[in-house]
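See structure below.
Just so you know, all these numbers are worked out from the coordinates, no wet-lab data involved. As the structure is a computational prediction, the values presented were derived from the model and not from experiment. All Cβ positions, even for glycine, are placed from backbone atoms using ideal geometry, and neighbour counts span all protein chains on display.
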Amino acid sequence: MTTDQKLLVPDREAAGMLSMGRSTFWREVKAGKLPQPIKIGGLTRWRVADLQRCVADPASQPTTA
């Protein structure tokens, strides 16, 4: 199954979609520059649609003041 066919992805795949390392990805998430994950049971996942929107329109992402 390709990333485009998935609804949710773990941090490793999410970071790969954005061409960045996991530590950089997590730093950007914590800074509010990237979408926040959702928690399902003990799993942390990102919506592929949110990540795709982030790539398509970086200005639409939340920022922290």
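Numbers for the structure displayed
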read-out	value
Yes/no for Arg12 being surrounded by 13 or more Cβ atoms within 10 Å (Cβ to Cβ) and of a type outside the set (S, T, N, Q)	no
Complete set of residues in segment 1-42 that are within 11 Å of the chain's Cα centre (by Cα), more than 13 Å from Cys54 (Cα to Cα) and of a type in the set (Gly, Ala, Ser)	Gly16
